[in-house]
Structure formats: C-alpha cells, structure tokens
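Nothing in this text is a laboratory measurement; each read-out follows from the coordinates by a stated rule. Model, not experiment: these values are computed from the prediction. Don't worry about glycine lacking a Cβ; one is built from the backbone with ideal geometry, like all the others, and counts go over all protein chains shown.
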Amino acid sequence: MNNDQEFVALLGTKGGPAVRPGSTMPTSSLISLGGQQIVVDCGLGVTRGLLDQQVDLRTLKTVIITHLHSDHYLELGPLL
C-alpha cells in the first residue's frame, strides 16, 4: 500500500453483531491521512478487510473505538 495516498476505506458497514451470508461485515473503517493509517472500530472481519487493503498489520499504530458495542470492538483483541 502506498502510504502517501489519502483515503477512507469502509471495511464494514453493517449494524448489529449478527453476521449473515451475503451481508456486509460489522463496522470498521480505515483512514489513510498524512502518511498514517488509522483504524476506526474493529468489528468482526476488520483484519480481513485491512489485509484486502494491503495493510501491513505490524505497522498499525492507531485504533479508535467509537463506543463499546460488540459490533465495534469484537475483533480488537485479535487485531492487537
């Protein structure tokens, strides 16, 4: 991934914790700004979404959790 690009990638947009076939994954976003990558929320599937965006998980330094509902933090532990 080119760290000079500035963009927002919606990795998951589904509300609620239940995952159903054919639906989007729960909430998570990637913001690339000023050479930094920021993950906002860590719903189920965030790791896969980050890898799909060619993010080197070892380089992540900032994760923001907006609030404590499981669809916003469920994959935080495995991601760390």
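Quick one: which strands (runs of 3 or more DSSP E) lie wholly within the chain and hold at least 2 residues that are loosely packed, with under 13 Cβ neighbours inside 10 Å? Write out each step before concluding.
On the way: elements: 7-12, 28-33, 36-40, 62-64.
Where strands (runs of 3 or more DSSP E) fall fully within the chain and carry at least 2 residues being loosely packed, with under 13 Cβ neighbours inside 10 Å, they are 7-12, 62-64.
Tally time: how many residues in region 19-64 are within 13 Å of residue 79 (Cα to Cα) and either charged (D, E, K, R) or in contact with a Phe, Trp or Tyr (Cβ under 9 Å, 6 or more places away or on another chain) (or both)?
Adding up the residues that qualify gives 7.
Six or more apart or on different chains, Cβ atoms under 9 Å: show the pairs whose first residue is in region 36-63 and within 17 Å of residue 15 (Cα to Cα) and whose second is aromatic (Phe, Trp, Tyr) and part of a helix (DSSP H, G or I).
41/73; 42/73; 43/73
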